[in-house]
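Here's the structure, in structure tokens; my notes come after.
The values are calculated or read from the model by the stated rules, or taken from the named source; none is laboratory data. Because the structure is a prediction, the values reported are computed rather than measured. Here Cβ is always computed from backbone atoms with ideal geometry, including for glycine, and neighbour counts include all displayed protein chains.
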Amino acid sequence: MATLSVSVSDELRQKMNILDEVNWSAVARKAFEEKVKQIEILKKITSKSQLTEKDAKEISKKINESMGQKFRGM
């Protein structure tokens, strides 16, 4: 398995350290997997679609916002 470093603010890191029961690697891995899945789906849809690049970006933005809300609620 490959290793990936992610930068977070000092403030966020302090908050994460308090929550030592959380497997942050697993949280990040899941977020990365979901994002890759979303992009793959979007690419599949747009390759068969008449949507413009602008339309695709707007859909992506809405998905990102939705996922952000989901993960903030965890």
- Message: Need pairs with beta-carbon distance below 8 Å; first residue within 18 Å of Ala2 (Cα to Cα) and touching a residue at least 24 places away in the same chain (Cβ under 8 Å) and within the stretch 22-40, second of a type in the set (A, V, I, L, M) and surrounded by 13 or more Cβ atoms within 10 Å (Cβ to Cβ); sequence gap 6+ or separate chains.
- Response: Ala31/Met67; Glu34/Met67; Lys35/Met67
- Residue satisfying condition, being acidic (Asp, Glu) and touching a helix residue (DSSP H, G or I) at 6+ places or on another chain (Cβ under 9 Å), within set Asp20, Asp55, Asp10: Asp55
- Given the conditions (1) modelled with pLDDT of 85 or more; (2) loosely packed, with under 12 Cβ neighbours inside 10 Å, report the number of the one that Glu53 does not fulfil. (1)
- Message: Looking at Glu21, Glu34, can you tell me which residue is among the charged types (D, E, K, R) and exposed (fewer than 12 other Cβ atoms within 10 Å of the Cβ)?
- Response: Glu21
- Query: Of all residues in the stretch 14-57, which are among the hydroxyl-bearing types (Ser, Thr, Tyr) and under 20 Å from the mean Cα position of the chain (by Cα)?
  - Reply: Ser25, Thr46
- Message: Take the conditions out of contact with any Gly (no Cβ under 7 Å at 6 or more places or on another chain), outside any loop (DSSP other than H, G, I, E, B) and more than 20 Å from Phe71 (Cα to Cα) and apply them to Ser25. Does it pass?
- Response: no
- Query: In this structure, is Lys44 of a type in the set (D, E, K, R), surrounded by fewer than 12 Cβ atoms within 10 Å (Cβ to Cβ) and out of contact with any Phe, Trp or Tyr (no Cβ under 9 Å at 6 or more places or on another chain)?
  - Reply: yes
